[in-house]
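Take a look at the structure set out below.
The values are calculated or read from the model by the stated rules, or taken from the named source; none is laboratory data. This structure is a prediction, so every number in the text was calculated from the model and none was measured. Cβ placement follows ideal geometry from the backbone for every residue including glycine, while neighbour counts extend to all protein chains displayed.
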Amino acid sequence: YVGQEVAPLLADHLYQATVDQLMIPPLLIQQATTIDEAVTQLFMHDVGSLYVVDQQQKLLGVLSRKDLLRATINATNTSTTPVAMIMTRMPNIVTMTEHKTILQAGQRLIAHQVDSLPIVEPDGVTVIGKITKSIIMRYFIEEGLHIQN
Ligand code: ADP
């Protein structure tokens, strides 16, 4: 009985939370950063992707784990090649703004088959955060545990 009453509330609460409640500060790098330095950053900060920005924090590119792995098997000189050579570039980056819901963010992550979305200002390019599949996953599980206890 309790489960039946709680379920609709839980669903509302879960999906209507907004991106700004869950987003994290992204790891930002410059486009002149070498591929080797980017790999080091990935390990040092234990993240799955890096965002490449200009001096004004405007989004230029995204680097995923596989982008970096691909570069290392492609006979690229990773100690000198800048990430600008291998990143996914604007305008091909899928982004989100902070007042969207987790449901909208999740739909976009799935539709575009990516692990993270840069959260940008209404200008569409200034990076203010990051939302990832694992953040949403953790949030769902933690909220579920609250309801159970
Ligand atoms: P991985 O490549 O490690 O599996 P992703 O699934 O996130 O990680 O990335 C897949 C590809 O999509 C990569 O080439 C990456 O640069 C690109 N990518 C990642 N996030 C985005 C995004 N938000 N918009 C567009 N492309 C993205």
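Matching residues to (1) within 12 Å of the ligand (Cβ to nearest atom); (2) at pLDDT 95 or above; (3) crowded, with 16+ Cβ neighbours inside 10 Å; (4) under 16 Å from the mean Cα position of the chain (by Cα):
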{"residue": "19", "(1), (2), (3), (4)": "no, yes, yes, yes"}
{"residue": "27", "(1), (2), (3), (4)": "no, yes, yes, yes"}
{"residue": "53", "(1), (2), (3), (4)": "no, yes, yes, yes"}
{"residue": "59", "(1), (2), (3), (4)": "yes, yes, yes, yes"}
{"residue": "67", "(1), (2), (3), (4)": "yes, yes, yes, yes"}
{"residue": "112", "(1), (2), (3), (4)": "yes, yes, no, yes"}
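Taking the numbered list (1) aliphatic (A, V, I, L, M); (2) modelled with pLDDT under 95; (3) within 11 Å of the ligand (Cβ to nearest atom) in turn, residue 73 passes all entries but (3). Every condition in (1) away from the ligand (no atom under 13 Å from the Cβ); (2) surrounded by 17 or more Cβ atoms within 10 Å (Cβ to Cβ) is met by residue 101 except one, and the failing one is (2).
Can you tell me how many residues within segment 38-51 are without any contact (Cβ under 8 Å) to a residue 40 or more places away in the chain, surrounded by fewer than 20 Cβ atoms within 10 Å (Cβ to Cβ) and not aromatic (Phe, Trp, Tyr)?
The first filter runs over segment 38-51 and keeps only residues without any contact (Cβ under 8 Å) to a residue 40 or more places away in the chain, leaving 39-47, 50.
In the following step, the residues that additionally are surrounded by fewer than 20 Cβ atoms within 10 Å (Cβ to Cβ) were identified as 39-47.
Applying the additional criterion that residues be not aromatic (Phe, Trp, Tyr) yields 39-42, 44-47.
The qualifying residues number 8.
Quick one: would you say residue 124 is more than 19 Å from residue 30 (Cα to Cα), touching a residue at least 24 places away in the same chain (Cβ under 8 Å) and of a type outside the set (S, T, N, Q)? No.
Of all positions in segment 103-124, at least one carries a residue that is out of contact with any Asp or Glu (no Cβ under 9 Å at 6 or more places or on another chain) and among the acidic types (Asp, Glu).
Per-residue answers, yes or no, for (1) touching a helix residue (DSSP H, G or I) at 6+ places or on another chain (Cβ under 9 Å); (2) under 16 Å from residue 125 (Cα atoms); (3) among the hydrophobic types (A, V, I, L, M, F, W, C):
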{"residue": "18", "(1), (2), (3)": "yes, no, no"}
{"residue": "31", "(1), (2), (3)": "yes, yes, no"}
{"residue": "47", "(1), (2), (3)": "yes, no, yes"}
{"residue": "62", "(1), (2), (3)": "no, yes, yes"}
{"residue": "72", "(1), (2), (3)": "yes, no, no"}
{"residue": "76", "(1), (2), (3)": "yes, no, no"}
{"residue": "82", "(1), (2), (3)": "yes, no, no"}
{"residue": "105", "(1), (2), (3)": "yes, no, yes"}
{"residue": "109", "(1), (2), (3)": "yes, no, yes"}
